[in-house]
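Throughout, read-outs are computed from the coordinates displayed, never taken from laboratory work. Everything numeric in this text was worked out from a predicted model, so none of it was measured. With ideal geometry, Cβ positions are generated from the backbone for all residues, glycine too; neighbour counts draw on all protein chains shown.
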Amino acid sequence: MITEGDHRASVQILHSKEVSLPADDRAGQLAWVRREILAILTKHAVDRASLRLAESGRSGAPNYGRAEVDGVVQAALAELHIPVKGYKSATVRSAFGKTQALAEAAMELVPCIASTAKLRREQLAVAVAQYPAGA
């Protein structure tokens, strides 16, 4: 999440703990995601957002569950008039280098990314990509 205050930009990580969807039908789960996202966005006065877009898995199979949640998140952002920029994994990696190894090496140079578990680095790189250059 990016917030702006005092004419300076700052990157804040609001929540990095994994949470589980409640045991409910899918519609109930998506309604819960919407409520949680709206509460976080409102509480922290988010002014713009980044989203690593849902893509197919390694096998090529579509990830419908992730796509549903992404849709709910984008709808919540739109409801609050918060602009969102979406990225795909390949776009994130290509910004840091042409190969996976180069991308990982470049991400190691960014302290807040290097100190994050490898599983979550691309998501954090997407957020950092919104950070204004030179700020």
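Some notes on this structure:
- Residues with amide H under 5 Å from that of Arg52, placed H, sequence gap 5 or more: Tyr87
- A simple count of charges around Leu77, restricted to other residues whose Cβ falls under 12 Å of its Cβ and scoring Lys, Arg +1 and Asp, Glu -1, yields 0.
- The phi-based Karplus calculation (6.51 cos²θ - 1.76 cosθ + 1.60; θ = phi - 60°) puts the 3J(HN,Hα) values of the range 26-34 at 4, 4, x, 5, 5, 5, 5, 4, 4 Hz, whole numbers, x for Gly and Pro.
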